[in-house]
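Nothing in this text is a laboratory measurement; each read-out follows from the coordinates by a stated rule. On a predicted model such as this, the values are computed, not experimentally measured, just so you know. Cβ coordinates were reconstructed from backbone atoms using ideal geometry, including for glycine residues, and neighbour counts include every protein chain displayed.
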Amino acid sequence: METLLKSLKCTISEQEWIFKHHHWILWKLAHFECLFPKYFVNCLCTYDSIFEELVERYERELNLAQRSILKRIIQKDENPAVHMILSILLINGINVK
């Protein structure tokens, strides 16, 4: 991953963004593989699928300036009563499984 970032000549803030989102994309894809092994076993957590998701997210968030629902609510650009789906990973230092 570090070699890729150096070859892309990313700034420090872009590198931090990529590391953070790489983590969440990998978590999401691994979760889908575990939830639906009949359909996705060993096919989502590949370099190509992770890179594809990363590029799509980069395009959406940085190039198109589309923000997540939570970011829009925090910035008071969206009603907090809007419907959304959230995945909770950690509550007060206790892992949720």
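List the aspartates and glutamates whose Cα lies under 12 Å from the Cα of Lys71, skipping any in the same chain that are fewer than 8 positions away.
By straight Cα distance, Lys71 reaches Glu61.
Given points 7 Å out from each Cα along the Cα-Cβ axis, report the Asn42 to Glu78 separation in nanometres with one decimal.
The two pseudo-label positions are separated by 3.8 nm.
What number, in nm² with one decimal, is the all-direction average of the projected area of the convex hull of the alpha-carbon atoms of segment 2-95?
8.4 nm²
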